[in-house]
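Participant: Please read through the structure below; I'll follow up with questions.
The values are calculated or read from the model by the stated rules, or taken from the named source; none is laboratory data. None of the values given here were measured: they were computed from a predicted structure. Note that we place each Cβ from the backbone using ideal geometry, even for glycine, and neighbour counts take in every protein chain shown. The protein model used for the area step is the full one, side chains on, heavy atoms only, and it has no ligands, DNA or RNA in it. Shrake-Rupley method; radii C 1.70, N 1.55, O 1.52, S 1.80 Å.
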Amino acid sequence: MYRTYVKVQKIYMKLKAAELEKRVIYISGSVGTGKSAAVKYFLRDKEALYLSGLDGRLNEMPSEKKIEQQYIVIDELSWITDQYSKEYIQKMIGDCEESGKVLILIGRSRLPSWLQASCIEYGFILADEQDLMFKEKQIHQMFKLHSVHVEAEVIPEIMKITKGYPIAISLIAYNMKGGENYSKEVLENARLDLYRYFSNTFYKQWNEQLKELLISMSMFPSFTIKLAEMVTGKAGIEREIERAFSVGSFISCDSQNVYHMRPVLRSFLQWRCGLERSKAQQIEIYERAALYYERNKDIKQALFYYEAAGNQKQISRILIKNAEAHVGIGYYYETKKYYMNLSPETVQESPVLMGGMSMLYSLLMQVEESEYWYEQLKEYESRQTWGSKRRREAVRRRLYLEIALPHRGTVNLIHTLKNAAVLVVNKELQMPEFSVTSNQPSIMNGGLDFCEWSKSDRKLAIIMKKPVEILLGKDFPGLVNISLAESFFEKSFEGQTNPDNYEIMTLLNNGYSLADMKGKIEMCFVAIGVMVKLHISHCQPQMAQRLLLEFREKALAEDAGRLIPNIDAMRVWLKLQAGDTDIDEELSIEEWMKDEALNENHEFFVLERYRYMIKVRVYMVMGQYEDAIKLIERLQVYFEGYARTIYGIQNQLLKAIVLYRLQRTNWEDILQMAISKAQEYQFTQIISREGIAIRSLLMESEQLEWEESYSTHVLAENDRMATFYPNYLKERGQLMEPLTKMENLIFQLLCVGSASADICDTYHISYNTLKYHNRNIYRKLGVKNRAEAVRKAKELGMF
């Protein structure tokens with residue numbers, strides 16, 4: 001055996017440490033990692049007693065006095081359930097401590113709970129799979145031991161495929177013994193051999209309940225207890241999961257109590273599933289999972305598993321139900337693949353689906369296709385009998401599209417709203433629910449852009465109040481007050497020398513209360529969004545942060561998770577506004593960019609416009625100006641095509657700033673277009689809010705054309721914002737002299753508060769060497785101490 005064993009230095013050194021220090025060592029690892037082989041290799045010239053717990057109890061339990069060997073090995077520890085065996089092992093640990101004998105424990109799972117107290121008391125040496133896995137050197141040696149020649153360039157590929165898993169590498173070598181070249185066929189044969197090996201080792205030792213559970217759950221990339229109960233139709237899942245943990249290390253559980261199988265186990269169990277479960281049984285599992293996800297409102301997953309089950313009827317049912325919802329709560333983006341897969345004949349049979357397809361295409365900026373399905377809906381309506389249920393449904397869907405289609409804007413909207421309200425009052429029609437905000441922190445730029453209405457806000461608030469109330473129902477409470485407040489805030493100039501912020505805050509508070517008591521939380525979000533901007537304009541970022549975080553908690557408590565992405569995007573904006581100082585320390589802009597900011601290069605979806613606009617600003621702060629320009633240009637196509645006035649102005653202002661920083665000569669033209677449009681609507685905040693970022697442009701431009709009274713007010717407001725937030729959109733600097741690799745490593749530990757002694761231990765350096773590195777780090781950062789260095793790291797976004 002020793003002649004076919006490849007020595008792995010890491011596990012060998014831990015065994016050597018256990019021998020020298022006379023300490024217990026516990027080696028854990030899944031089957032095939034070479035635990036027992038490593039121990040036998042280490043003890044090849046030594047006298048050792050080998051015991052096993054494979055049958056649930058130790059095969060022998062000799063008294064310590066009768067054991068003559070210096071080394072005691074207890075293998076298959078994970079299978080032990082017998083209480084006498086556990087007590088024997090615990091006593092053995094103490095006896096070995098006194099006698100100086102070396103006790104080696106081997107198991108397939110993490111350290112059993114019944115040994116954890118002993119581990120702490122006696123200071124076990126712990127070894128896991130990472131200490132057993134092969135590197136490229138060991139892979140080469142394994143092939144050499146099998147007398148198999150393999151090209152040097154193939155070794156890294158084998159390492160990548162196997163992750164250094166010893167048994168898998170051994171089986172690949174075995175399948176090449178006959179002179180076969182490394183190939184896909186060799187890998188496939190090795191894979192099947194590995195599965196057969198698993199079947200004859202740990203799998204046959206599992207009880208039937210554990211087999212049934214894990215085979216069923218192998219059909220899913222991850223699972224929860226609730227999903228497992230739904231799929232298997234059985235309770236007591238936790239007990240079997242705990243059993244799986246105790247006999248192996250193939251399963252892990254994350255902080256959200258979601259279980260994950262290691263890929264090698266999952267692929268093996270899927271293979272077993274194909275052998276042991278019929279096609280009908282697999283379909284039943286998928287349908288149970290689909291039903292679970294549907295009940296939990298995870299429509300995308302529900303559709304995925306209905307599709308896996310081949311159940312087109314259920315897919316159509318869910319898509320029709322989803323199309324009945326407005327864009328604020330419907331899953332249009334997530335389900336677009338399934339809508340696109342519907343046949344035209346299926347869609348044409350349902351006015352709801354035709355309306356849904358028209359809305360979806362509009363959201364995807366495919367206007368021609370959207371209008372095509374609108375016309376199909378009109379034709380369907382004309383073919384139905386007057387007064388019939390089908391005709392009424394078609395009329396409902398048509399009027400809904402005429403009001404809500406994003407690409408149509410607000411042209412003729414007042415006339416359409418009044419006509420629809422008359423039909424509702426006369427009980428000829430019941431309108432579908434609308435989304436006024438589309439989960440944006442704005443009404444003026446919510447489901448539609450209402451900038452045109454802002455020109456006559458007070459007048460329209462009176463004229464349109466009743467028709468809008470009739471049509472919106474629960475969406476109406478608070479709407480008039482909040483929309484007026486938003487309009488007044490954006491036009492803080494409007495001929496006034498002192499903007500009446502008291503009136504604005506009163507409207508917001510009244511509107512929030514009405515929406516909270518009788519309406520929708522989406523309307524509350526708009527009120528909060530305007531309040532946040534109002535506090536920012538008064539140099540109250542901490543108050544703005546508290547307001548936003550408290551509302552985030554409310555949204556989570558009220559199951560309004562759909563608002564969280566835009567709430568978090570606003571948190572990022574607030575952090576940028578304050579210069580990424582101590583505001584909202586729990587939020588990392590870098591992590592937001594990685595985890596939550598959508599990738600505009602994959603697919604562009606207009607409902608995410610708010611997050612895209614925040615992402616443009618982050619690009620600017622990070623100095624990624626080309627990325628910023630590309631996203632700005634893409635957004636501008638949407639803003640212009642869909643008459644999104646206020647966002648169009650913001651976008652052009654940001655473009656002018658980027659062009660100015662890139663020293664492009666056309667920045668003045670872009671700035672002029674934005675200011676002219678803002679002046680047309682008397683919007684002032686939209687310019688002044690850009691503060692220090694746009695200040696230089698406003699000062700340096702010699703050809704700006706704008707009214708004197710308007711410009712005086714905007715410049716005064718801009719001065720205030722520039723003074724309040726001097727680091728807004730400031731590009732993060734770079735070190736003139738970069739840190740070395742070791743300085744970077746040390747600095748990372750400094751930033752997380754590690755003690756000097758711990759840093760020295762971690763990198764095996766003396767305290768004087770650490771002081772030398774610290775001096776260099778401080779010099780390169782231009783700081784005097786650790787506290788200043790940490791602040792500088794945050795400023796530069798280094799870690």
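Participant: Can you tell me which residue is surrounded by the most Cβ atoms within 10 Å (Cβ to Cβ) among those in the stretch 133-156 that are more than 15 Å from residue 177 (Cα to Cα) and without any contact (Cβ under 8 Å) to a residue 24 or more places away in the chain?
Facilitator: 155
Participant: Which one of the conditions (1) touching a Phe, Trp or Tyr at 6+ places or on another chain (Cβ under 6 Å); (2) touching a residue at least 24 places away in the same chain (Cβ under 8 Å); (3) open to solvent by 30 Å² or more (accessible area, probe 1.4 Å) does residue 451 fail to meet, given that it meets all the rest?
Facilitator: (3)
Participant: Could you grab me the full set of residues in the stretch 510-554 that are of a type in the set (A, V, I, L, M) and over 27 Å from residue 721 (Cβ atoms)? If you could, list the steps in order and put the result at the bottom.
Facilitator: To start, the set of residues in the stretch 510-554 that are of a type in the set (A, V, I, L, M) comprises 514-515, 517, 521, 523, 526-528, 530-532, 534, 536, 543-544, 547-549.
Selection gives 514, 515, 517, 521, 523.
Participant: Out of 598, 587, 556, report the one residue that is part of a loop (DSSP other than H, G, I, E, B), open to solvent by 30 Å² or more (accessible area, probe 1.4 Å) and either closer than 22 Å to residue 794 by Cβ or in contact with a helix residue (DSSP H, G or I) (Cβ under 9 Å, 6 or more places away or on another chain) (or both).
Facilitator: None of the others qualify; the one that does is 598.
Participant: Further, regarding this structure: Looking at the stretch 468-489, is at least one residue out of contact with any helix residue (DSSP H, G or I) (no Cβ under 8 Å at 6 or more places or on another chain), assigned to a helix (DSSP H, G or I) and of a type outside the set (Phe, Trp, Tyr)?
Facilitator: Looking through the stretch 468-489, at least one residue is out of contact with any helix residue (DSSP H, G or I) (no Cβ under 8 Å at 6 or more places or on another chain), assigned to a helix (DSSP H, G or I) and of a type outside the set (Phe, Trp, Tyr).
Participant: All but one of (1) more than 17 Å from residue 398 (Cα to Cα); (2) part of a loop (DSSP other than H, G, I, E, B) hold for residue 300; which doesn't?
Facilitator: Result: residue 300 passes all but (2).
Participant: Go through the stretch 765-781 and give me each residue that's open to solvent by 40 Å² or more (accessible area, probe 1.4 Å) and either aromatic (Phe, Trp, Tyr) or within 19 Å of residue 739 (Cα to Cα) (or both).
Facilitator: 767, 768, 769, 771, 772, 775, 778, 779
Participant: Within the set of pairs 6+ apart or on separate chains, which have a first residue in the stretch 108-119 that is farther than 14 Å from residue 80 by Cβ, a second that is part of a loop (DSSP other than H, G, I, E, B) and not basic (Lys, Arg), and C-beta atoms under 7 Å apart?
Facilitator: From residues that are farther than 14 Å from residue 80 by Cβ, the pairs are 110/249; 119/111.
Participant: Out of all the residues in the stretch 278-299, is one or more β-branched (Val, Ile, Thr), within 30 Å of residue 106 (Cα to Cα) and either surrounded by fewer than 17 Cβ atoms within 10 Å (Cβ to Cβ) or out of contact with any His (no Cβ under 7 Å at 6 or more places or on another chain) (or both)?
Facilitator: no
Participant: Name the single residue, out of those in the stretch 92-101 being touching a residue at least 24 places away in the same chain (Cβ under 8 Å) and not small (Gly, Ala, Ser), that is most open to solvent (accessible area, probe 1.4 Å).
Facilitator: Taking the candidates together, the pick is 97.
Participant: Please find, within the stretch 305-314, the residue that is farthest from the chain's Cα centre (by Cα) out of those that are touching a residue at least 12 places away in the same chain (Cβ under 8 Å) and assigned to a helix (DSSP H, G or I).
Facilitator: Within the stretch 305-314, the match that is farthest from the chain's Cα centre (by Cα) is 314.
Participant: Between 489, 493, which is at pLDDT below 85 and aromatic (Phe, Trp, Tyr)?
Facilitator: Checking each option against the conditions leaves just 493.
Participant: Which residues, taken from the stretch 161-201, are over 12 Å from residue 264 (Cβ atoms) and among the aromatic types (Phe, Trp, Tyr)?
Facilitator: Answer for the stretch 161-201, where residues must be over 12 Å from residue 264 (Cβ atoms) and among the aromatic types (Phe, Trp, Tyr): 174, 182.
Participant: Could you check residue 198 against (1) assigned to a helix (DSSP H, G or I); (2) open to solvent by 20 Å² or more (accessible area, probe 1.4 Å) and say which number it fails?
Facilitator: Result: residue 198 fails condition (2) only.
Participant: Identify the residue in the stretch 677-702 that is in a loop (DSSP other than H, G, I, E, B) and of a type in the set (S, T, N, Q) and, among all such residues, is least open to solvent (accessible area, probe 1.4 Å).
Facilitator: Among those that are in a loop (DSSP other than H, G, I, E, B) and of a type in the set (S, T, N, Q), it is 684.
Participant: Provide a single number: the residues in the stretch 603-652 that are free of Cβ contacts under 8 Å to residues at least 40 places away in the same chain and either polar (S, T, N, Q) or not in a helix (DSSP H, G or I) (or both).
Facilitator: 6
Participant: Taking the stretch 46-60, which residues are in contact (Cβ under 8 Å) with a residue 12 or more places away in the chain and part of a loop (DSSP other than H, G, I, E, B)?
Facilitator: 46, 47, 53, 54, 55, 56, 57, 58 - these are the residues of the stretch 46-60 that are in contact (Cβ under 8 Å) with a residue 12 or more places away in the chain and part of a loop (DSSP other than H, G, I, E, B).
Participant: Exactly one condition in (1) part of a loop (DSSP other than H, G, I, E, B); (2) open to solvent by less than 30 Å² (accessible area, probe 1.4 Å) is not met by residue 784; state its number.
Facilitator: Exception for residue 784: condition (2).
Participant: Out of the residues in the stretch 660-676 that are touching a residue at least 24 places away in the same chain (Cβ under 8 Å) and within 19 Å of residue 620 (Cα to Cα), state the one that is surrounded by the fewest Cβ atoms within 10 Å (Cβ to Cβ).
Facilitator: This residue is 662.
Participant: A further question on this structure: Considering the stretch 319-357 alone, what residues qualify as being of a type in the set (A, V, I, L, M, F, W, C), part of a helix (DSSP H, G or I) and surrounded by 19 or more Cβ atoms within 10 Å (Cβ to Cβ)?
Facilitator: 319, 323, 347, 352, 353, 354, 357
Participant: To continue, here is another question. Output yes when any residue across the stretch 32-48 is surrounded by 17 or more Cβ atoms within 10 Å (Cβ to Cβ), over 21 Å from residue 108 (Cα atoms), among the acidic types (Asp, Glu) and more than 43 Å from the chain's Cα centre (by Cα), and no when none is.
Facilitator: Checking the stretch 32-48: not a single residue is surrounded by 17 or more Cβ atoms within 10 Å (Cβ to Cβ), over 21 Å from residue 108 (Cα atoms), among the acidic types (Asp, Glu) and more than 43 Å from the chain's Cα centre (by Cα).
Participant: A further question on this structure: What are the pairs with Cβ atoms under 8 angstrom where one residue, in the stretch 410-422, is closer than 14 Å to residue 451 by Cα and the other, located anywhere, is charged (D, E, K, R) and open to solvent by less than 20 Å² (accessible area, probe 1.4 Å)? Sequence gap at least six, or different chains.
Facilitator: Filtered contacts from the stretch 410-422: 410/449.
Participant: Mind counting the residues in the stretch 726-760 that are over 18 Å from residue 786 (Cα atoms), aliphatic (A, V, I, L, M) and modelled with pLDDT of 85 or more? Spell out the reasoning first.
Facilitator: Filtering the stretch 726-760 down to residues over 18 Å from residue 786 (Cα atoms) leaves 726-734, 736-737, 741.
Subsequent filtering for residues that are aliphatic (A, V, I, L, M) retains 729, 736.
Those still in the list that are modelled with pLDDT of 85 or more too: 729.
Qualifying residue count, the stretch 726-760: 1.
Participant: Continuing with the same structure: Mind counting the residues in the stretch 176-195 that are over 24 Å from residue 273 (Cβ atoms) and either touching a Gly at 6+ places or on another chain (Cβ under 9 Å) or surrounded by 14 or more Cβ atoms within 10 Å (Cβ to Cβ) (or both)?
Facilitator: Of the residues in that region, 3 qualify.
Participant: So for the stretch 350-364 (the condition being in contact (Cβ under 8 Å) with a residue 60 or more places away in the chain, in contact with a Pro (Cβ under 8 Å, 6 or more places away or on another chain) and not hydroxyl-bearing (Ser, Thr, Tyr)), does at least one residue qualify?
Facilitator: Yes, the stretch 350-364 contains a residue that is in contact (Cβ under 8 Å) with a residue 60 or more places away in the chain, in contact with a Pro (Cβ under 8 Å, 6 or more places away or on another chain) and not hydroxyl-bearing (Ser, Thr, Tyr).
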